[in-house]
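*Asks:* Take a look at this one; I'll ask things after.
The values are calculated or read from the model by the stated rules, or taken from the named source; none is laboratory data. Remember, it's a predicted structure, so these values are computed and weren't measured experimentally. Virtual Cβ from ideal backbone geometry, glycine too; neighbours counted across all protein chains shown.
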């Protein structure tokens, strides 16, 4: 059978799956983190990334450093909440810091 190259079953049609947009991907990650009660881990990851970006661009000022350290300290001792309103506010402030420091990328969402 191998030498004759005969099919053992009918041909299956190729169906292209619709891809997720970047916003849908971020929403799914946010839901996963919320279910895992990982808000403190998210705040830590965002603050470390912003610290790296600011340091890389030479814009890590004392004020920015205090804000980043304050964000990490505020979630370090807190329990993992089911509804992380304070952590959401902290990450929103960190993203505003990033935008005010070096702007947004072309093509990214401005809101």
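*Asks:* Considering only residues that are in a loop (DSSP other than H, G, I, E, B) and within 30 Å of residue 81 (Cα to Cα), look in region 1-22 and name the one that is modelled with the highest pLDDT. Walk me through it before giving the result.
*Replies:* We begin by selecting, within region 1-22, every residue in a loop (DSSP other than H, G, I, E, B); these are 1-21.
Then keep just the ones that are within 30 Å of residue 81 (Cα to Cα); that gives 20-21.
Values: 20: 79, 21: 84.
Ranking the qualifying residues of region 1-22, first place goes to 21.
*Asks:* Can you name the residue in region 23-66 that is without any contact (Cβ under 8 Å) to a residue 24 or more places away in the chain and outside any helix (DSSP H, G or I) and is also surrounded by the most Cβ atoms within 10 Å (Cβ to Cβ) among such residues?
*Replies:* Among those residues, the one meeting the criterion is 60.
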